[in-house]
């Protein structure tokens, strides 16, 4: 079976997800065509996952399909955008049908869960890697940026941090415990905070998704906003599973590891006080934006910004 | 120097190209934001180039930068779209500064030439490959598709065909002749027919760019339009250089080889007769759309459709 037949069989169903997605023309032509609703801005981001760098060799293709789209969609959450459609650039050593079937299944589940329809793509031969570009929509001028944090704003994060980072220690566990299963699920099936991102629009002054680690990603907000921050270490949310698995070092995972795809945001104290309880329940206040540049944990300066604390591929490579 | 510094130094200048590009927010945040002008549709396509598959190992980085953007922009030409912006997903074994500098230079020249501004991207470590997504704009509903060809329409192509395909025979030529230099230039620096694509809007009933070879790509139009065609072999335009280099087999290159990134279109005879001379000068009539399905050359059926004649990576791999 040739490339075109394989693509048709496994990927075209992802282009026919129910609902309105503003796509005028989907896969199969030289380009796709999207009609942006009046009053909306197009919000888009591209992310690459490479075998052996972003996921282990031989990684389950259904997990890979989910993870790849989740990682990309998380950037839409960070902007407060409503998901719309995506393109897939898939590079494979060979077109093995079982692999493609399972990959498309995981990708399709994620697409349906996140509200994303496949708009187009390119399938090529080469070392296993994939790039996904996601498109979202946001009211004109309402996209959440990294650059709006103001002195006195509260720093909040969603969910718990460090679980997915700890999961790397258990990827090969033959018979994982319940706690190990919990963090493994957080790694394999991240759930981008899409609804939370939309809810933060008009409330947060700045937002980012935690993909490189809390310190690194908060550092990006501080740099873009030309401010500093102090984090209260004891307030950083850690799951009971991570606390049991890692004891005293659980907080190190929470501060330094990425891959949880939670949101970190800054918002004014008055806005926080007036926020609906349903929103507050999803967030934890962990610190405050300060005038003094740099990032501090319990008042002690830590390295931040420029990804120094996070997963900087080239720094690891050299 | 870390990933972020390298990206800033070499790629951020490509985000600051002069002119209006409808970008509200460029690189540096979780997403880019584009505001589509009222009355316009967004037209977009993603293309991947992999080392050793789409370009030779050790290929000059400045040539690669140009080629990668040209290949992607050619899809905009095929839709009649005006170029707007692009994203770059670049995967590199190591962040070598001279390579990045030269690559960014070639990419920047192409971006300026085509009218594309860098909107965002992702830079990762891994085997050399890159995916580029291009964004263009077109009047709502005016995008040229593959599916509109009608019986009796003329089949036209731009420029000459087969040059870039023949160039593959001379990539290692130490001291190329003038003819070899001509075809090599066609391979290294394809020039997508962006202005021609815009000019064909409202005139052509269907269009495609010739990336896989004339027979394969015309086959895509025929399949999408549910028609057939007959091509007059003697009319297929071949450059004097290719004719001198390849003699009688020059036409085989023109029919089967891709990489020239010319346009192939169908248009009604009356429209062709009334077309401005400046447009006619860029096109050659090579055949006619017929009711009988399939593609014929001088009345003899040839294989077409589903990329069977073109560069189908997976068919080559298996």
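Tell me whether the stretch B:37-49 contains one or more residues that are within 10 Å of chain A (Cβ to nearest Cβ), free of Cβ contacts under 8 Å to residues at least 12 places away in the same chain and surrounded by fewer than 24 Cβ atoms within 10 Å (Cβ to Cβ). Taking every residue of the stretch B:37-49 in turn, at least one turns out to be within 10 Å of chain A (Cβ to nearest Cβ), free of Cβ contacts under 8 Å to residues at least 12 places away in the same chain and surrounded by fewer than 24 Cβ atoms within 10 Å (Cβ to Cβ). Scanning the stretch A:199-235 for residues that are part of a strand (DSSP E or B) and over 12 Å from residue A:263 (Cα atoms) yields A:228, A:229, A:230, A:231. The set of residues in the stretch B:26-36 being in contact with a strand residue (DSSP E or B) (Cβ under 7 Å, 6 or more places away or on another chain) and facing chain A (nearest Cβ under 7 Å) consists of B:30, B:31, B:32, B:33, B:34, B:35, B:36. Just checking, does the stretch A:110-125 include any residue being crowded, with 22+ Cβ neighbours inside 10 Å, out of contact with any strand residue (DSSP E or B) (no Cβ under 8 Å at 6 or more places or on another chain), under 24 Å from residue A:258 (Cβ atoms) and in the same structural domain as residue A:42 (by TED's automatic domain parsing)? Yes, some residue in the stretch A:110-125 is crowded, with 22+ Cβ neighbours inside 10 Å, out of contact with any strand residue (DSSP E or B) (no Cβ under 8 Å at 6 or more places or on another chain), under 24 Å from residue A:258 (Cβ atoms) and in the same structural domain as residue A:42 (by TED's automatic domain parsing).
Among the residues of the stretch B:67-102, the ones that are touching a residue at least 60 places away in the same chain (Cβ under 8 Å) and on the phi < 0 side of the Ramachandran plot come to 23 in all.
For the stretch B:197-211, which positions are over 20 Å from residue B:270 (Cβ atoms) and more than 13 Å from every other protein chain (Cβ to nearest Cβ)?
B:198
Considering only the stretch A:50-66, I want to know if a residue exists there that is more than 7 Å from every other protein chain (Cβ to nearest Cβ), in contact with a strand residue (DSSP E or B) (Cβ under 8 Å, 6 or more places away or on another chain), under 21 Å from residue B:44 (Cα atoms) and touching a residue at least 12 places away in the same chain (Cβ under 8 Å). Among the residues of the stretch A:50-66, not one is more than 7 Å from every other protein chain (Cβ to nearest Cβ), in contact with a strand residue (DSSP E or B) (Cβ under 8 Å, 6 or more places away or on another chain), under 21 Å from residue B:44 (Cα atoms) and touching a residue at least 12 places away in the same chain (Cβ under 8 Å), which makes the answer no. Just one residue in the set B:137, B:184, B:130, B:196 is assigned to a helix (DSSP H, G or I) and farther than 19 Å from residue B:250 by Cα; that residue is B:196.
Any idea which residue in the stretch A:86-96 is modelled with the lowest pLDDT, counting only those that are farther than 17 Å from residue B:46 by Cα and facing chain B (nearest Cβ under 7 Å)?
Here the residue is A:95.
With the condition kept exactly as written, say whether any residue in the stretch A:155-174 is surrounded by fewer than 22 Cβ atoms within 10 Å (Cβ to Cβ) and touching a helix residue (DSSP H, G or I) at 6+ places or on another chain (Cβ under 6 Å). Within the stretch A:155-174, one or more residues are surrounded by fewer than 22 Cβ atoms within 10 Å (Cβ to Cβ) and touching a helix residue (DSSP H, G or I) at 6+ places or on another chain (Cβ under 6 Å).
Can you tell me which residue within the stretch A:67-80, out of those that are under 18 Å from residue B:88 (Cα atoms) and more than 9 Å from every other protein chain (Cβ to nearest Cβ), is nearest to the chain's Cα centre (by Cα)? Steps first, answer last, please.
So the first thing to find is which residues in the stretch A:67-80 are under 18 Å from residue B:88 (Cα atoms), and the list is A:68-69, A:71-73, A:75-76.
After this cut, where a residue has to be more than 9 Å from every other protein chain (Cβ to nearest Cβ) as well, the list is A:68-69, A:71-73.
Details: A:68: 9, A:69: 9, A:71: 4, A:72: 6, A:73: 6 Å.
Ranking the qualifying residues of the stretch A:67-80, first place goes to A:71.
The numbered conditions (1) modelled with pLDDT of 95 or more; (2) crowded, with 21+ Cβ neighbours inside 10 Å; (3) within 11 Å of chain B (Cβ to nearest Cβ) are all true for residue A:83 except (3).
Which of the residues belonging to the stretch A:126-141 are at negative phi, facing chain B (nearest Cβ under 10 Å) and surrounded by fewer than 22 Cβ atoms within 10 Å (Cβ to Cβ)? Break it down stepwise before answering.
The first filter runs over the stretch A:126-141 and keeps only residues at negative phi, leaving A:127-140.
Cutting the leftovers down to facing chain B (nearest Cβ under 10 Å) gives us A:127-136, A:138, A:140.
Of everything in the stretch A:126-141, those that are at negative phi, facing chain B (nearest Cβ under 10 Å) and surrounded by fewer than 22 Cβ atoms within 10 Å (Cβ to Cβ) turn out to be A:127, A:140.
The values are calculated or read from the model by the stated rules, or taken from the named source; none is laboratory data. If you're wondering where the values come from, they're calculated on a predicted model, not measured in any experiment. Cβ: placed from backbone, ideal geometry, glycine included. Neighbour counts: every protein chain shown.
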